[in-house]
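Read the structure below first, then the notes.
The values are calculated or read from the model by the stated rules, or taken from the named source; none is laboratory data. Small disclaimer: the values here were computed from a predicted structure and weren't measured. Because the Cβ atoms are built from the backbone with ideal geometry, glycine has one as well, and the counts that use them run over all protein chains shown.
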Amino acid sequence: MSSLEDLPLRPDLVGQKPYGAPQLAVPVQLNVNENTFGIPESVALDIVKELAAEVMSLNRYPDREFVELRSLFAKYLGFNLSSENLWAANGSNEVLTQVFQAFGGPQTLALSFGPTYSMYPNIARLTLTPYRELPREAEFELSPGYVANAISEAKPGLVILCNPNNPTGTPISLEVIRAAYDSFEGILVVDEAYAEFNDGESAISLLPGRPRLLVSRTMSKAFAFAGARVGYLAADGAVVDALRLVRLPYHLSALTQAAARAALGHADRMLENVERIKVQRDRIIERTRDLGLQPYRSSANFVLVAGFNDPEAVFDGLLSAGVIVRNVGIPGTLRITAGTEAETTKLLRELEPLLG
Ligand code: PMP
């Protein structure tokens, strides 16, 4: 095999590393904000039935418009949305990529407030979109005045706000979103990947009268469906028309559509563990604070904990004990996903002796 350096690679990709957290077979995996409860067996059986019904017709391309799935997403979200307001793709990473393909590009500055989701700069790079990240305020919070000023000065064509924010867990208020929208003429994306864990109101409530507002969601977190790769977006119907211009033909397979339909049909069961996860999240906050660490407030299914003298050593110590968390590169911190009660107990038990 020759090496990557020998290939005439696109110049802006030279020296880049593939994105992704380590995938290790560790008993307690609290590193990528999955829902560790898994899928209830009765729901799994229904998913298998829907998949089986599709298999005999896999010789045909799937419904390119995935109309039935879009109606189910509209029904799940409420807010008087209809299928014309909905779009979906293979994970919200693909949804966001399509948004950048349709509304970004070399002439359009994309802006976000960091630290935030580390795929935003990657997606910007892939779509040849210039990207800037301005710092968040103290404790990683954002206020309406700060955001409005920053946007007015930077003059972006696309702004992306993560609510609650990964990797800090910080929620933002609807006032911040209103202020951001009113401070420029471009596309405002609110990434609500962790919305179901957030007690605050969704930006979906702001959609009426705001055709430049896009709210993206995923089934990877609360729905425990990361392996199926299903993300979706709610917006004005004209935005959906724009996304049709950049999607690859038949991008959402018949099997993906069937699995997502079946899971949505059991939304109540699939979401049952959200409250349990929130209890474990709050337990991680309380206990790490008792241990002398500084957890940030979180409205998601993970906690960013500061105050580690040597996060790498703690990461390695936990890994040796069979627990993987995430070092997101913010000095002195580790990000910990809230899992089941037993997983949290194991994590907290293994953490204490490592703090020395
Ligand atoms: N947005 C945020 C903020 C995320 O944390 C993630 C997953 N880590 C995603 C989007 C993408 O998730 P998926 O592609 O699985 O829907």
Subject >> Residues (among the basic types (Lys, Arg) and either on the phi > 0 side of the Ramachandran plot or in a helix (DSSP H, G or I) (or both)) located in segment 261-309 >> reply: 261, 269, 276, 278, 281, 283, 287, 289
**OP:** Please go through segment 216-247 and pick out each residue that is within 16 Å of the ligand (Cβ to nearest atom), assigned to a loop (DSSP other than H, G, I, E, B) and either touching a Cys at 6+ places or on another chain (Cβ under 6 Å) or under 13 Å from residue 94 (Cβ atoms) (or both).
**Re:** 219, 220, 229, 230, 247
Original post:
Which of the residues spanning segment 262-283 are touching a residue at least 60 places away in the same chain (Cβ under 8 Å), surrounded by fewer than 20 Cβ atoms within 10 Å (Cβ to Cβ) and charged (D, E, K, R)?
Top reply: 269, 272, 276, 278, 283
Original post:
So which of 118, 112 is within 24 Å of residue 194 (Cβ to Cβ), of a type in the set (Ser, Thr, Tyr), surrounded by fewer than 16 Cβ atoms within 10 Å (Cβ to Cβ) and within 16 Å of the ligand (Cβ to nearest atom)?
Top reply: 118
Original post:
So how many residues does segment 45-61 have that are surrounded by 14 or more Cβ atoms within 10 Å (Cβ to Cβ) and either in a loop (DSSP other than H, G, I, E, B) or not charged (D, E, K, R) (or both)?
Top reply: 2
Original post:
Is there any pair with a first residue in segment 84-96 that is more than 9 Å from the ligand (Cβ to nearest atom) and a second that is of a type in the set (Phe, Trp, Tyr) whose Cβ atoms are under 6 Å apart and which are 6 or more apart or on different chains, and what are they?
Top reply: 86/73; 88/232
Original post:
Taking interchain pairs and intrachain pairs at least six residues apart, which have beta carbon atoms under 7 angstrom, with the first residue in segment 145-161 and touching a residue at least 12 places away in the same chain (Cβ under 8 Å) and in a loop (DSSP other than H, G, I, E, B) and the second surrounded by fewer than 23 Cβ atoms within 10 Å (Cβ to Cβ) and polar (S, T, N, Q)?
Top reply: 157/108
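On the given criteria, is residue 131 under 22 Å from residue 295 (Cβ atoms) and modelled with pLDDT of 95 or more? Talk me through it step by step, then tell me what you get.
Details: under 22 Å from residue 295 (Cβ atoms): no; modelled with pLDDT of 95 or more: yes.
Against the criterion (under 22 Å from residue 295 (Cβ atoms) and modelled with pLDDT of 95 or more), residue 131 does not qualify.
If you take the residues of segment 248-260 that are in a helix (DSSP H, G or I) and buried (at least 20 other Cβ atoms within 10 Å of the Cβ), which of them is farthest from the ligand (Cβ to nearest atom)?
Step one: of segment 248-260, the residues in a helix (DSSP H, G or I) are 254-260.
Pick out the ones that are also buried (at least 20 other Cβ atoms within 10 Å of the Cβ) and you get 256-260.
Working: 256: 12, 257: 16, 258: 18, 259: 14, 260: 12 Å.
Only one residue tops the list, namely 258.
Okay, residues lined up against (1) at pLDDT 95 or above; (2) within 16 Å of the ligand (Cβ to nearest atom); (3) touching a strand residue (DSSP E or B) at 6+ places or on another chain (Cβ under 7 Å); (4) not in a helix (DSSP H, G or I):
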| site | (1), (2), (3), (4) |
| --- | --- |
| 170 | yes, yes, no, yes |
| 178 | yes, no, no, no |
| 185 | yes, no, no, yes |
| 189 | yes, yes, yes, yes |
| 196 | yes, yes, no, no |
